[in-house]
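Sharing a structure below in structure tokens format, with a few things to ask.
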Amino acid sequence: MIACRGCGKTDLSRVVDLGKVPAADHFPLATDPVRAEEEASHPLAMDLCGVCGLAQLADDDTVADEPRGVEPEALKDQAKSAVKQVEADGFLRGHTVLEFGSPHGGTWIPLLTERGFTTVSSGAEVVLDCFGIMHEPDQRSAFARRAEVISPGGALLLQYHSIVTMVEQGQWNALRHGHFAYY
């Protein structure tokens, strides 16, 4: 039986099952067309843990391609706004920062270095994760890795898609291969 990606328990319920679909990050070049019957399809379903409440990708047998996109200006603007807000709320304490990357690209590091922060590989007073954590198949281990690099009294800043907002506002567009968890 498959266990929860977060708590490891096996009390999972299937809440969405889209059947087999093409991988969300598969974008063949126009010069190399693939016939529909040749395109690979993969199971895409979401489970909900009855113990911890984590909504999660049921399974994923895809291997993500490197994104070919550019970070949208809207995300850059949102990052500036978010950094300004967490600074006002007192979470930008100290002078060291470490960022866990995301396949979506983009970084908040320049926004912190212009505030006097320097990057380190461990013991950071501010640890950033912008859309990266959701790409980790083993959620428990991924959160543990992030916690290990935070210095005492430091802060972990996570940016993620809110499943509550997506459902309440009818903005669902993110159930896809490679997105292992929805918070």
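How many percent of DSSP beta bridges within segment 41-131 run antiparallel, rounded to 5? Display every interim value, and only then the final one.
Details: 3 of 9 bridges.
Bridges in segment 41-131 that DSSP calls antiparallel: roughly 35 percent.
Another question about this same structure. So who's got an amide H within less than 5 Å of the one on H177, skipping anything under 5 residues away but keeping other chains? H placed 1.01 Å off N, in plane.
Long-range HN contacts for H177: A24.
Any idea of the accessible area per residue across the chain, 1.4 Å probe, to the nearest Å²? Don't jump to the answer; show the numbers that get you there.
Values: 10680 Å² over 183 residues.
That works out to 58 Å² for each residue.
Which angle between 0 and 90 degrees, to the nearest 10, do you get for helix 139-148 versus the longest principal axis of the chain when only C-alpha atoms count?
With rounding to tens, the tilt is 10 degrees.
Work out how much length A74 to H42 would gain on full extension: take 0.36 nm times their residue separation and subtract the Cα-Cα distance, in nm to one decimal.
Numbers: separation 32, 0.36 × 32 = 11.52 nm, distance 3.07 nm.
Full extension from A74 to H42 adds 8.4 nm.
Here's a follow-up. Show me, bin by bin at 10 Å from 0, the whole-percent P(r) of segment 82-182 based on Cα pairs.
Percent of pairs per bin, in order: 15, 44, 31, 10.
Counting other Cβ atoms within 10 Å of each Cβ, which trypsin sites (Lys or Arg not before Pro) in segment 107-153 have at most 14 and sit in a DSSP loop? Please list the in-between numbers first.
Working: sites: R115, R140, R145, R146; in loops: R115.
Listed in order of number, the matching sites are R115.
Here's something else I'd like to know. For the chain, which cysteines have no second Cys with its Cβ under 4.7 Å from theirs?
C130 - these cysteines have no disulfide-compatible partner (Cβ-Cβ under 4.7 Å) in the chain.
Let me know the Rg and Dmax you get for segment 66-129 when you use only its Cα atoms, in Å.
When restricted to the Cα atoms of segment 66-129, Rg and Dmax are 12.2, 36 Å.
Using 0.36 nm times the number of residues separating R176 and K84, minus their current alpha carbon distance, what extension gain do you get?
Values: separation 92, 0.36 × 92 = 33.12 nm, distance 3.07 nm.
Answer, rounded to one decimal: 30.1 nm.
Tell me the label only: which of [x] 11.1; [y] 17.7; [z] 12.7 is mean projected area of the Cα convex hull in nm² as calculated from this structure?
Label of the calculated value: [z].
Another one. Within segment 87-183, which GluC sites (Glu not before Pro) sit in a loop by DSSP and count at most 14 neighbouring Cβ atoms inside 10 Å?
For GluC sites (Glu not before Pro) across segment 87-183 that sit outside H, G, I, E and B with at most 14 neighbouring Cβ atoms in 10 Å, the list reads E114.
Now for a different question. Taking R0 as 25 Å, what FRET efficiency do you get between D32 and D59 from their Cβ-Cβ distance, rounded to the nearest 0.05? Before the final figure, lay out the partial values.
Values: r = 28 Å, r/R0 = 1.12.
My answer for the efficiency is 0.35.
Taking H placed 1.01 Å from N in the peptide plane, check which residues at least 5 places from L156 or on another chain put their amide H under 5 Å from its amide H.
The list, which skips near neighbours in sequence, is V127.
Right, something else. What is the antiparallel percent of DSSP beta bridges lying wholly in the chain, to the nearest 5?
Values: 12 of 24 bridges.
That works out to approximately 50 percent antiparallel.
The values are calculated or read from the model by the stated rules, or taken from the named source; none is laboratory data. Quick caveat: nothing in here was measured; it's all calculated off a predicted structure. Cβ coordinates were reconstructed from backbone atoms using ideal geometry, including for glycine residues, and neighbour counts include every protein chain displayed. Keep in mind that these areas ignore ligands, DNA and RNA; they rest on the heavy atoms of the full protein, side chains included. Shrake-Rupley method; radii C 1.70, N 1.55, O 1.52, S 1.80 Å.
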